[in-house]
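Peer 1: Dumping the structure here so I can ask a few things about it.
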Amino acid sequence: MIVIGLMSGTSADGVDVAICDIRGRPGDMRVELLSGATFAYEREMRERILANCDPKSSRVHQIADLHVDLATVFADCTVAALDQAGISAGQVDLIGSHGQTLWHNVLPSGQVNVSLQIVEAAVLAERTGITTISNFRARDIAAGGQGAPLTSYVDWLLLRHPQHWRAVQNIGGMGNVTFLPPLNDDSSDPVAFDTGPGNALLDIAVTQVSRGALTYDRGGHYARQGRVNEEWLDELLRHPYYERDYPKTTGRETFGSAAALSLIDEARSRGLEDAEIIATLTALTATNIADAYRRFAPAPIKEVILGGGGRHNPVMVGMLGELLAPAAVLTHEDIGLDSDFKEALVFAVLAYETWHARPATLPALTGARRPSVLGSITPGANYADLLRATWL
């Protein structure tokens with residue numbers, strides 16, 4: 001099947017489109033990325049998304065409008081990506097849309113009771129004619145799980161090493177990890193959870209100190225010029241999230257704009273310069289990841305596979321290399337995948353599994369009571385033909 005995966009992460013910087021050829025079933029699945037494209041949000045759209053992630057600035061009518069307007073953006077990006085790839089919409093079987101997370105509510109107990117991803121699937125199905133699967137997290141949450149990290153199931157399907165334990169570490173707005181047992185180990189379960197803030201605090205801080213000229217620390221420019229304030233870093237690492245046992249997830253509700261602005265004020269009250277602030281927040285991400293491995297890795301990790309925007313920050317990657325030694329720190333490219341489109345590819349695979357009525361998560365990964373078939377199916381113009389081709 002030809003399946004499109006659409007992803008917009010907690011950094012809210014744009015839409016990733018992965019056009020994939022997927023065949024087979026778990027245990028014998030082949031996934032090929034035919035084409036990928038990234039479309040940055042216009043500044044106004046990014047500001048709307050971030051504003052509506054904050055209860056203080058969001059309003060129900062604004063969220064409703066954004067739900068439809070962002071779906072139009074997703075549809076436009078899908079059409080543009082198909083045009084770039086020279087593939088017609090009629091050749092595509094499914095769209096798997098993650099949507100845009102606005103709220104991921106973690107109760108004091110650590111249980112997640114709701115996770116809201118917007119982007120109206122009906123708009124996608126209508127505009128493209130392609131049957132669309134969306135709202136992937138809700139069913140796992142209903143079964144008692146965290147609803148995340150959903151990338152971990154695809155890591156389990158595709159990325160296990162034959163002989164040693166791997167960690168697949170994403171550094172997007174939040175960081176998340178999957179600890180994968182080797183293929184020759186049939187007794188160990190994988191482990192997955194959010195490690196903490198990835199780029200979210202850092203991006204907001206860079207936007208502030210650059211007065212809006214930058215939205216992220218391109219090439220580690222600021223971090224390279226500053227020194228890490230070890231005293232402040234030690235205090236930041238005392239956040240209770242880091243000590244909480246897995247399964248656990250987090251988001252902008254805890255490590256978002258409000259938290260970042262508060263940290264900037266705190267840093268300036270300590271007399272830290274801008275570059276010191278960014279260097280220390282960069283170290284916070286690298287150190288909370290390494291600390292999570294020390295606390296929770298089920299076995300010694302031989303390889304760490306980095307993905308997400310954080311892999312483009314050489315200062316952060318250098319810190320991780322030192323903190324995670326002797327594990328080898330690699331990228332998805334080193335094992336034959338495109339890091340930039342990994343998460344979008346994941347939602348193509350999840351849509352493929354949902355269409356075939358197969359669960360697309362494991363209780364060991366999310367803490368759910370049982371594995372679940374994920375997502376909601378919105379028929380497109382190809383729906384009847386797709387049913388006949390798959391099931392009749």
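The values are calculated or read from the model by the stated rules, or taken from the named source; none is laboratory data. No experiment lies behind these values; they were computed from the predicted model shown. Every residue, glycine among them, receives a Cβ derived from its backbone with ideal geometry; neighbour counts consider all protein chains shown. Each accessible area value is taken on the protein alone, full model and side chains, heavy atoms only, with ligands, DNA and RNA left out. Shrake-Rupley method; radii C 1.70, N 1.55, O 1.52, S 1.80 Å.
Peer 1: Work out the FRET efficiency for ARG218 and GLU273 from their Cβ-Cβ distance, taking R0 = 25 Å, and round it to the nearest 0.05. Intermediate values should be presented prior to the final figure.
Peer 2: Values: r = 19 Å, r/R0 = 0.75.
The formula returns an efficiency of 0.85 here.
Peer 1: Against the longest alpha carbon principal axis of the chain, how many degrees, from 0 to 90 and to the nearest 10, is the axis of helix 314-324 turned?
Peer 2: Its long axis makes an angle of about 80 degrees.
Peer 1: Could you check how much of the accessible area of segment 166-267 is carbon and sulfur, as a whole percent, using a 1.4 Å probe?
Peer 2: On the way: 1850 of 4220 Å².
Exposed carbon and sulfur together represent 44 percent of the surface.
Peer 1: Using a Förster distance of 30 Å, how high is the FRET efficiency between ALA328 and TYR242, based on the Cβ-Cβ distance and rounded to 0.05?
Peer 2: 0.80
Peer 1: I'd like the distance separating the alpha-carbon centroids of segment 264-296 and segment 335-392, in whole Å.
Peer 2: 36
Peer 1: In addition: Does anyone have the angle between helix 257-269 and the longest principal axis of the chain? Alpha-carbon axes, 0 to 90°, nearest 10?
Peer 2: For 257-269 against the chain, the angle is about 10 degrees.
Peer 1: Rounding to the nearest 10 and keeping the result within 0 to 90°, find how far the Cα-based axis of helix 342-355 lies from the longest principal axis of the chain.
Peer 2: In the chain, helix 342-355 runs at an angle near 40 degrees to the longest axis.
Peer 1: Right, next: Using a simple charge model, +1 on the beta-carbon of Lys and Arg, -1 on the beta-carbon of Asp and Glu, nothing else, what dipole does segment 18-83 show about its Cα centre, in debye to the nearest 20?
Peer 2: Values: 8 positive and 11 negative charges, 56 e Å.
It comes to approximately 260 debye.
Peer 1: While we're on this one: Take the solvent-accessible surface of the protein heavy atoms, probe 1.4 Å, and return the percent of it on segment 300-342 that carbon and sulfur atoms account for.
Peer 2: On the way: 1090 of 1910 Å².
The nonpolar share, carbon plus sulfur, comes to 57 percent.
Peer 1: When the helix-only estimate is applied to the chain (DSSP H runs of n ≥ 4, each -39,500 (n - 2.57), divided by the residue count), what is the mean residue ellipticity at 222 nm, nearest 500 deg cm²/dmol? Walk me through the numbers before you get to the answer.
Peer 2: Values: 16 runs with 162 residues, N = 392.
Computed mean residue ellipticity for the chain: -12000 deg cm²/dmol.
Peer 1: Can you send over the solvent-accessible area of LYS302, 1.4 Å probe, protein chains only, in Å² to the nearest 10?
Peer 2: 120
Peer 1: If packing is taken as the average number of other Cβ atoms within 10 Å across a peptide's residues, how do 218-224, 190-196 rank, most packed first? Kindly include the intermediate steps, with their values, before the conclusion.
Peer 2: Numbers: 218-224: 18.0, 190-196: 24.9.
Sorting 218-224, 190-196 by mean packing, highest first, produces 190-196, 218-224.
Peer 1: Here is a follow-up. Which order do you get for TRP103, TRP391 if you rank them by accessible area with a 1.4 Å probe, largest at the top? Write out the running numbers ahead of the final one.
Peer 2: Numbers: TRP103 85, TRP391 140 Å².
The ordering from most to least exposed comes out as TRP391, TRP103.
Peer 1: Let me check I've understood the local charge: for ARG224, count other residues with C-beta under 14 angstrom from its C-beta, Lys and Arg +1, Asp and Glu -1. What total comes out?
Peer 2: On the way: positive: ARG218, ARG227; negative: ASP217, GLU273, ASP274, GLU276.
The answer is -2.
Peer 1: Counting only heavy atoms of the protein chains, get the accessible area per residue of segment 133-230 (1.4 Å probe) and round it to a whole Å² value. Each step should come with its number before you reach the end.
Peer 2: On the way: 3460 Å² over 98 residues.
Ligands and nucleic acids excluded, the figure is 35 Å² per residue.
Peer 1: About the Cα centre of the chain, how large is the charge dipole given +1 on each Lys and Arg Cβ and -1 on each Asp and Glu Cβ? Please answer in debye to the nearest 20. Present the calculation step by step, with values, prior to reporting the outcome.
Peer 2: Numbers: 32 positive and 46 negative charges, 138 e Å.
Dipole size: approximately 660 debye.
Peer 1: With r defined as the distance between the Cβ atoms of SER262 and ALA299 and R0 fixed at 41 Å, what FRET efficiency is calculated, to the nearest 0.05? Intermediate values should be presented prior to the final figure.
Peer 2: Details: r = 37 Å, r/R0 = 0.91.
Calculated transfer efficiency: 0.65.
Peer 1: Additional query: Run the reach check for LYS342 against lysines, Cα to Cα strictly under 16 Å, same-chain hits fewer than 8 apart removed. What comes back?
Peer 2: Within reach: none.
Peer 1: If you don't mind, there's one more thing I want to ask. How far apart, in nm, are the 7 Å Cα→Cβ label points at THR390 and VAL114?
Peer 2: 2.9
Peer 1: What's the extension gain from ARG211 to ASP234 if we count 0.36 nm per residue and subtract their Cα-Cα distance? The partial results should precede the final answer.
Peer 2: On the way: separation 23, 0.36 × 23 = 8.28 nm, distance 2.74 nm.
Stretched fully, the ARG211-ASP234 segment lengthens by 5.5 nm.
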